[in-house]
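Asker: The structure is given below, and queries will be raised subsequently.
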Amino acid sequence: MIADRLQERVLRLDVALQACAARLAAHSDDQALHDLRVVLRRLRSLLRPLRGLPGIDPLELAAAAMGRLSTPLRDDEVLLRELQAAALDELVGTRRERLEAGRDGLLASAEWRQLCNTLVVWPSLWRQAGRDGALRGLRRRIGKGQARQARRLGEALRDPAHDRHRLRLLIKRGRYGAEAYPDLVDLSEDGAKRLKRAQAALGDWHDRLQWLARAERETDLEPLTVRWREELEASARRADRVLTTLARDFA
């Protein structure tokens, strides 16, 4: 039954979240925060078509709050890797200290406690909803939600004045939605690969845009701005080429 499979997947994502949190608390590796955010995206992609059903909205809101709270920390991580790759160790020190403090603060936050508590009570709410008959027609509901999401992405891809920020968000939703419900999304294997490439290209563009904005406030980054501007333009061109091809998958 699809409701049982959904519950099982949420429970598996809960286990994955706790594992990422343990790695983050232990400072064991630099991928823990990234992996935690990926699990959050997968959870939200699983929940998005189910909005309005018992227990879903509080859980999605809690996951979204953790996503927002962790975003600046992930931005700091990516910038630190860029500085280390450029052998600018003198720019890393205090930024790394702030990042470590921020990672610890993430797990001590009210948002993290709320998400954990919501995940604890959610299964009983979901089972009760099933007993009450509130989960009838799940497959049709999910299919309609995924089709609506794909339609929005297709319209944005065909818009000659498309907003790269909005496209980046829609592509993320499309990619993780397809992973969440592969049997309910009409997307080829090659199309899924193109989604991933588009997300990566737009991610490169977004990183440079953010770094240039930070350089206006953090003047020690100024020596890198010439290269970042060049990379910004190159990544924008690369993203546009990928997006042109991707539009055919969402015609």
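The values are calculated or read from the model by the stated rules, or taken from the named source; none is laboratory data. Since we're looking at a predicted model, the values are computed, not measured. All Cβ positions, glycine included, derive from the backbone under ideal geometry; neighbour counts span all protein chains shown. Calculation scope for accessible area: heavy atoms of the full protein, side chains included, ligands and nucleic acids excluded. Shrake-Rupley method; radii C 1.70, N 1.55, O 1.52, S 1.80 Å.
Asker: If the requirement is being open to solvent by less than 20 Å² (accessible area, probe 1.4 Å) and either within 15 Å of residue 36 (Cβ to Cβ) or hydroxyl-bearing (Ser, Thr, Tyr) (or both), which of these qualifies: 108, 156, 64? Can you show your working first?
Answerer: Values: 108 fails: open to solvent by less than 20 Å² (accessible area, probe 1.4 Å); 156 fails: either within 15 Å of residue 36 (Cβ to Cβ) or hydroxyl-bearing (Ser, Thr, Tyr) (or both).
Residue meeting the stated conditions: 64.
Asker: While we're on this one: Anything in the range 97-134 that is outside any helix (DSSP H, G or I) and within 18 Å of residue 43 (Cβ to Cβ)? List them, or say none.
Answerer: Passing the criteria: only 109.
Asker: One residue is enough: does the range 207-217 have a residue meeting the conditions open to solvent by less than 40 Å² (accessible area, probe 1.4 Å), hydrophobic (A, V, I, L, M, F, W, C) and within 22 Å of residue 45 (Cα to Cα)?
Answerer: Among the residues of the range 207-217, not one is open to solvent by less than 40 Å² (accessible area, probe 1.4 Å), hydrophobic (A, V, I, L, M, F, W, C) and within 22 Å of residue 45 (Cα to Cα), which makes the answer no.
Asker: Could you run through the range 179-201 and say how many residues are closer than 16 Å to residue 47 by Cα and at pLDDT 90 or above?
Answerer: Residues in the range 179-201 being closer than 16 Å to residue 47 by Cα and at pLDDT 90 or above: 3 in total.
Asker: If you don't mind, another one. Please determine whether any residue of the range 193-204 is open to solvent by 20 Å² or more (accessible area, probe 1.4 Å) and more than 18 Å from residue 166 (Cα to Cα).
Answerer: So the first thing to find is which residues in the range 193-204 are open to solvent by 20 Å² or more (accessible area, probe 1.4 Å), and the list is 193-194, 196-197, 199-200, 204.
Those left that are additionally more than 18 Å from residue 166 (Cα to Cα): 193.
Checked against the condition, which is being open to solvent by 20 Å² or more (accessible area, probe 1.4 Å) and more than 18 Å from residue 166 (Cα to Cα), the range 193-204 yields at least one hit.
Asker: While we're on this one: Quick check: is even one residue across the range 207-224 among the polar types (S, T, N, Q), free of Cβ contacts under 8 Å to residues at least 12 places away in the same chain and in a helix (DSSP H, G or I)?
Answerer: The answer is yes, given that some residue of the range 207-224 is among the polar types (S, T, N, Q), free of Cβ contacts under 8 Å to residues at least 12 places away in the same chain and in a helix (DSSP H, G or I).
Asker: Return yes when residue 78 is within 20 Å of the chain's Cα centre (by Cα), over 30 Å from residue 6 (Cβ atoms) and of a type in the set (Val, Ile, Thr) and no when it is not.
Answerer: Working: within 20 Å of the chain's Cα centre (by Cα): yes; over 30 Å from residue 6 (Cβ atoms): yes; of a type in the set (Val, Ile, Thr): yes.
Taking the combined requirement at face value, the residue satisfies it.
Asker: Out of the residues in the range 135-152 that are in a helix (DSSP H, G or I) and among the aliphatic types (A, V, I, L, M), which is farthest from residue 49 (Cα to Cα)?
Answerer: Looking at the filtered set, the residue picked out is 150.
Asker: Sticking with this one: Filter the range 82-96 for residues that are exposed (fewer than 13 other Cβ atoms within 10 Å of the Cβ) and part of a helix (DSSP H, G or I) and give the result.
Answerer: The answer is 85, 89, 90, 93, 94.
Asker: Now, a different point. Kindly indicate whether residue 98 is modelled with pLDDT of 95 or more and not β-branched (Val, Ile, Thr). Show your work before the answer.
Answerer: Working: modelled with pLDDT of 95 or more: no; not β-branched (Val, Ile, Thr): yes.
Criteria not met by residue 98.
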